[in-house]
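To start, the structure under review is shown below, and the notes come after it.
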2 protein chains.
Amino acid sequence: MNAVTIKDVASAAGVSVATASRVLSGHPATSPDSRAKVESAAKELGFMPNAQARSLRSTKTDSIALLISDVRNPYFSDLAHAVEQHARAAGLMTFIGNANEDAAQQDDFLATMLSRRVDGLVIVPQGLNEESNQPSEMMNRVLSSGIPTIFVDRALPSIQVPAITANSAQALDEAVATLHSLGHQKIAFIGGPKHASTALERYSAFDTALANNGLHADEALHFVGDFQPASGALAAQWLLDNPAKPSAVIIADAPMAIGALRVWRELGIRVGADLSVITFDEVDAMLIHDPPIATIGHDLSQMGKMAVQALREVMAGHQPEPEELISKFTLRPSVASAKATQVMEGKVRP
Amino acid sequence: MNAVTIKDVASAAGVSVATASRVLSGHPATSPDSRAKVESAAKELGFMPNAQARSLRSTKTDSIALLISDVRNPYFSDLAHAVEQHARAAGLMTFIGNANEDAAQQDDFLATMLSRRVDGLVIVPQGLNEESNQPSEMMNRVLSSGIPTIFVDRALPSIQVPAITANSAQALDEAVATLHSLGHQKIAFIGGPKHASTALERYSAFDTALANNGLHADEALHFVGDFQPASGALAAQWLLDNPAKPSAVIIADAPMAIGALRVWRELGIRVGADLSVITFDEVDAMLIHDPPIATIGHDLSQMGKMAVQALREVMAGHQPEPEELISKFTLRPSVASAKATQVMEGKVRP
DNA sequence: CTTACTCATGTAAACGATTCCATGGAATCG
DNA sequence: CGATTCCATGGAATCGTTTACATGAGTAAG
């Protein structure tokens, strides 16, 4: 392997390891002479410092961890990319971990990162345990360990950690108002699991939006999914079978939307004609869809930037304020007037 | 922070650090008695071993690195997910790095991983330097360092490293034959940059496929893109302006397809009617598209599995054979008979 | 010319684990 | 019963760096 150590460099340069170390890590107290000798020796030998030895002594690793639920979800891969780019600009390496919406994998990743002594943690929290209503044991350990941590996208209400979240109440309101003004009376909502903070907020923001627009909120119009494509597919069928015959639907994330859209297409339901659709997460797949899907979303690059900024604040010993991005509603042709929808009733349901 | 070390555990348990270490790392020579004492002490104190100290001494990190070009490309995020899951099953942590199709970022990531002494490397190589026709300096260092490495998805012809690749010649042939049988005479190809091995192979496999089907290969029907959405958008326009008036097109990756499809939709070109489209990479976005896009693709989960297997072989000191997955062509409604296309000529170009 | 101060350098002690080696007690065997 | 083997244990060396401290040369001030 790479058996060349700083000792080799030092002796090749004819100086002590201390001097070599000082030169290589940019310590000011070095003479131009030894600087030259050490640098050329290092280059000559192809010296590559051992990061573990270095951070064992210096107790910093210049790295952070990002815990998301799934890289395959375009929302999170966009976020991961943004976080990584901004961290990189600050000289920090980012470790990306998948929780797969699974508490065990989340804890596993956190344990590994704690062991590796990363300098900070950006977490999209998976929510509290459903029975105990507590954070997982490993999450507690992270929090009590004092390692700089921030939450992004979601927050855990009971836990005192700076968070960067998105507020979509206003956008949802706008979306519902738009649907209402187009004549839609029955609007369904395909939401996330009840243990995720974002999911809960969206259910209640949706109901509030209905109320604001003089519409009747009704549990029967909520579908409780799990943010994954398969549950979107189930929801698609549920919607068609729903006795209230909703003419419009709002979906709480992109993967569920992808699952649902596929089912509707296969069944011949014409989105934007038979059914009006609005989805959270402004990702590519929604824009190339024919017709393009109206979305409620926010700037992920911005969110990543704010997350890294906030984390660096914490790392510097400060206590940044929680910040909220305001989501934006973008109308697109997947939304049509309710008239068109009535046609569907006769067509797809005999 | 987490100031509890193995020393604390040892003294709490009333044994030496050596014994504590043996218990905690599962060494057989330990008595049930001390095992019990050490384990309970460790749990009590919330001991979390310092990974750097451990691997500094033991020279293994139980981690591998995966270098891809972009997490936001669904093809690669699917691959990353597969690699990660299989590595995880083998007790290995995966570090995912983005090259952003950029040699500098690639080298940066490799340097960091070399410093961190990962046990192995799975690389989607970015291709040789365009001027020197050589691998980058850092890549050379990786190769000469002797660290177990395999290539996945792409290969570098001149370099002797086990690779898991996909062969799409057969699928391309089938795709072209299908188009030809539907009456298409002019088929365009939107390819990748000339320095990527996969890109080159696909150009020539495409031309071979044309020849096999009695069609004339023509440079003027090649568009040289860069695998990114923006170049797909350019290609979309190029195709419409192409004097040969192609009635069908094959696109060499999903991001370019996404870029192109969006442009065509905005211009009112009806895919599957005005224009027949086949794309590489069987990703979600192609399946929810209306109409669904015919694809040439392979099983990424399988590819990830083979990559991890091959890497573990190398890590064990063996020399695995290079393996090739055979890509599959899947016909979908984005492909129609050439008749429909002739209609477009009148319609979209006055 | 002495004193004080700066500055580059080297020596050696950390950092927190693993692991080689020596030790001594218990168990086994002839 | 003495010799041999086995096995759990602790002491100490080790991995490759950084860094506190001591040193000695050079310089500026008095």
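The values are calculated or read from the model by the stated rules, or taken from the named source; none is laboratory data. Because the structure is predicted, anything quoted here is derived from the model rather than measured. Every residue, glycine among them, receives a Cβ derived from its backbone with ideal geometry; neighbour counts consider all protein chains shown. These accessible areas exclude ligands, DNA and RNA; they are computed on the full protein's heavy atoms, side chains included. Shrake-Rupley method; radii C 1.70, N 1.55, O 1.52, S 1.80 Å.
Does the stretch B:251-280 hold any residues that are under 24 Å from the mean Cα position of the chain (by Cα) and either surrounded by fewer than 21 Cβ atoms within 10 Å (Cβ to Cβ) or more than 10 Å from chain A (Cβ to nearest Cβ) (or both), and which are they?
Going through the stretch B:251-280, the residues under 24 Å from the mean Cα position of the chain (by Cα) turn out to be B:251-262, B:277-280.
Of everything in the stretch B:251-280, those that are under 24 Å from the mean Cα position of the chain (by Cα) and either surrounded by fewer than 21 Cβ atoms within 10 Å (Cβ to Cβ) or more than 10 Å from chain A (Cβ to nearest Cβ) (or both) turn out to be B:Ile251, B:Ala252, B:Asp253, B:Met256, B:Arg262, B:Val277, B:Ile278, B:Thr279, B:Phe280.
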Looking at the stretch B:16-30, which of the residues that are among the hydrophobic types (A, V, I, L, M, F, W, C) and either open to solvent by 60 Å² or more (accessible area, probe 1.4 Å) or at pLDDT below 95 (or both) is farthest from DNA strand C (Cβ to nearest atom)? B:Ala29
Cβ pairs under 8 Å, 6+ apart, first in the stretch B:256-276 and assigned by TED's automatic domain parsing to the domain that holds B:Gln237, second crowded, with 18+ Cβ neighbours inside 10 Å and of a type in the set (Lys, Arg): B:Val271/B:Arg265
Here the qualifying pairs (Cβ atoms under 8 Å; residues six or more apart or on different chains; first in the stretch A:131-142 and free of Cβ contacts under 8 Å to residues at least 60 places away in the same chain and open to solvent by less than 60 Å² (accessible area, probe 1.4 Å); second in a loop (DSSP other than H, G, I, E, B) and of a type in the set (Val, Ile, Thr)) come out as A:Pro135/A:Ile159
Can you spot a residue in the stretch B:101-123 that is of a type in the set (D, E, K, R), at the interface with chain A (Cβ under 10 Å from one of its Cβ atoms), crowded, with 18+ Cβ neighbours inside 10 Å and touching a Leu at 6+ places or on another chain (Cβ under 6 Å)? no
Which numbered condition A:Arg57 misses (of (1) open to solvent by 50 Å² or more (accessible area, probe 1.4 Å); (2) within 23 Å of B:Ala51 (Cβ to Cβ); (3) more than 12 Å from DNA strand C (Cβ to nearest atom)): (3)
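Within the stretch B:1-19, track down each residue that is in a helix (DSSP H, G or I) and touching a Lys or Arg at 6+ places or on another chain (Cβ under 8 Å).
Taking the stretch B:1-19 first, the residues in a helix (DSSP H, G or I) are B:6-13, B:17-19.
B:Ala13, B:Val17, listed by residue number.
Please work out if B:Phe151 is aromatic (Phe, Trp, Tyr) and within 12 Å of chain A (Cβ to nearest Cβ). Give the steps one after another, and end with the answer.
Details: aromatic (Phe, Trp, Tyr): yes; within 12 Å of chain A (Cβ to nearest Cβ): no.
Considered against the rule, which asks whether it is aromatic (Phe, Trp, Tyr) and within 12 Å of chain A (Cβ to nearest Cβ), B:Phe151 comes out as no.
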Hits in the stretch A:214-238 (condition: within 18 Å of A:Ile296 (Cβ to Cβ), more than 14 Å from chain B (Cβ to nearest Cβ) and either touching a residue at least 40 places away in the same chain (Cβ under 8 Å) or charged (D, E, K, R) (or both)): A:Phe227, A:Ala235
Suppose we keep only residues that are more than 21 Å from B:Lys60 (Cα to Cα) and near DNA strand C (Cβ under 7 Å from one of its atoms) within the stretch B:1-15. Which one would you say is farthest from the other protein chains (Cβ to nearest Cβ)? B:Lys7
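Can you name the residue in the stretch B:283-311 that is at pLDDT below 95 and closer than 26 Å to B:Phe151 by Cα and, of all such residues, is least open to solvent (accessible area, probe 1.4 Å)? Before the answer, list the steps.
Our first condition is that a residue be at pLDDT below 95; within the stretch B:283-311, this holds for B:283-292.
From what is left, the residues that are closer than 26 Å to B:Phe151 by Cα are B:283-284.
On the way: B:Val283: 4, B:Asp284: 73 Å².
Residue satisfying both the conditions and the ranking: B:Val283.
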May I ask you to list the residues in the stretch B:31-47 that are crowded, with 17+ Cβ neighbours inside 10 Å and either within 7 Å of chain A (Cβ to nearest Cβ) or touching a residue at least 24 places away in the same chain (Cβ under 8 Å) (or both)? B:Lys37, B:Val38, B:Ala41, B:Ala42, B:Phe47
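Which of the residues belonging to the stretch A:52-64 are more than 10 Å from chain B (Cβ to nearest Cβ) and of a type in the set (A, V, I, L, M)? Show your work before the answer.
First, pick out the residues of the stretch A:52-64 that are more than 10 Å from chain B (Cβ to nearest Cβ): A:58, A:60, A:64.
If the condition is that a residue be more than 10 Å from chain B (Cβ to nearest Cβ) and of a type in the set (A, V, I, L, M), then A:Ile64 is the only one that fits.
Can you go through B:Ser11, B:Ser21, B:Ser55 and tell me which one is within 12 Å of DNA strand D (Cβ to nearest atom), over 42 Å from the mean Cα position of the chain (by Cα) and among the hydroxyl-bearing types (Ser, Thr, Tyr)?
After applying the criteria, what remains is B:Ser11.
A quick yes/no check of all residues on (1) touching a Ser or Thr at 6+ places or on another chain (Cβ under 9 Å); (2) at negative phi; (3) crowded, with 17+ Cβ neighbours inside 10 Å; (4) free of Cβ contacts under 8 Å to residues at least 40 places away in the same chain:
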position: A:Ile150; (1), (2), (3), (4): no, yes, yes, no
position: A:Leu156; (1), (2), (3), (4): yes, yes, yes, no
position: A:Gln160; (1), (2), (3), (4): no, yes, no, yes
position: A:Ala171; (1), (2), (3), (4): yes, yes, yes, no
position: A:Leu179; (1), (2), (3), (4): yes, yes, yes, no
position: A:Gln185; (1), (2), (3), (4): yes, yes, no, no
position: A:Arg202; (1), (2), (3), (4): yes, yes, yes, no
